[in-house]
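Input: a single structure, listed below in structure tokens.
The values are calculated or read from the model by the stated rules, or taken from the named source; none is laboratory data. Just so you know, these numbers come straight off a predicted model, no measurement behind them. Cβ sites come from the backbone with ideal geometry, for glycine too, and all protein chains shown count toward neighbours.
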């Protein structure tokens, strides 16, 4: 999506997500499981994030941009019987937090701005930051805030332009649109996980794992009623494209696990 230039202030963004929370019955479940094409795109992101979560040890978790708290609910269910886990969900929309409190047993729900997190330095072992940066007026500041409050890990994902969309944009086949014209969108930046990893290295984080996938335009294929039987073939092609030095960064799903480097102690 090409976004229109203009003012994307925090007030406008908050109003948009308050409205979205009221209009969509369960936004997160809808985007992950609504149909096979959503499962291909958003479901892939969900699966990969949960797979990565299983590889790290943490006792406290902050989900920035938690919406209805779907990730917190799933991660808590994965954790049952193993260790005590302190979970906090933060969102800019009060209406989303009202929903989350009804659906999820979180330890704390915080109304706040990702660009000014109301937590002390090194407050959480793991900070989950899934598809939030592209929605914020100042993604650089938001990332610095997440880096500040994380004690060990940041698990970040962004939605980027897929391969075919990128080519269509270069050919002038995609028109600019208002990101707030339709509920369920709201992207005001196009992000690349490689740029985030570079930014992380400047804030004393190293990348433990990164991945890019989903190179096909799921929304376009759904709109034109492409048969979902194509998805296994598309996933195979995704794996081949991910090995291409030229094309591998052009996937819609981009994820990285970042680890905070310890400061060397001096005598």
Check every one of the helices (runs of 4 or more DSSP H) wholly within the stretch 48-153 and list those with 3 or more residues that are more than 16 Å from the chain's Cα centre (by Cα) and modelled with pLDDT under 95. 70-79, 94-103
Hey, can you tell me all the residues within the stretch 120-129 that are surrounded by fewer than 22 Cβ atoms within 10 Å (Cβ to Cβ) and either in contact with a helix residue (DSSP H, G or I) (Cβ under 6 Å, 6 or more places away or on another chain) or closer than 20 Å to residue 255 by Cβ (or both)? 121, 123, 125
With 98, 92 as the choices, which residue is surrounded by fewer than 22 Cβ atoms within 10 Å (Cβ to Cβ) and either touching a strand residue (DSSP E or B) at 6+ places or on another chain (Cβ under 8 Å) or more than 21 Å from residue 209 (Cβ to Cβ) (or both)? 98
Quick check on this structure: which one of 210, 228 is farther than 20 Å from residue 170 by Cβ, modelled with pLDDT of 90 or more and in contact with a strand residue (DSSP E or B) (Cβ under 8 Å, 6 or more places away or on another chain)? 210
Identify the residue in the stretch 160-174 that is outside any helix (DSSP H, G or I) and in contact with a strand residue (DSSP E or B) (Cβ under 7 Å, 6 or more places away or on another chain) and, among all such residues, is surrounded by the fewest Cβ atoms within 10 Å (Cβ to Cβ). 174
Quick test for you: out of 33, 58, pick the one residue that is farther than 25 Å from residue 112 by Cα and either free of Cβ contacts under 8 Å to residues at least 40 places away in the same chain or in contact with a strand residue (DSSP E or B) (Cβ under 7 Å, 6 or more places away or on another chain) (or both). 33
Of the conditions (1) at pLDDT 80 or above; (2) farther than 23 Å from residue 117 by Cα, residue 190 fails just one. Which one is it? (2)
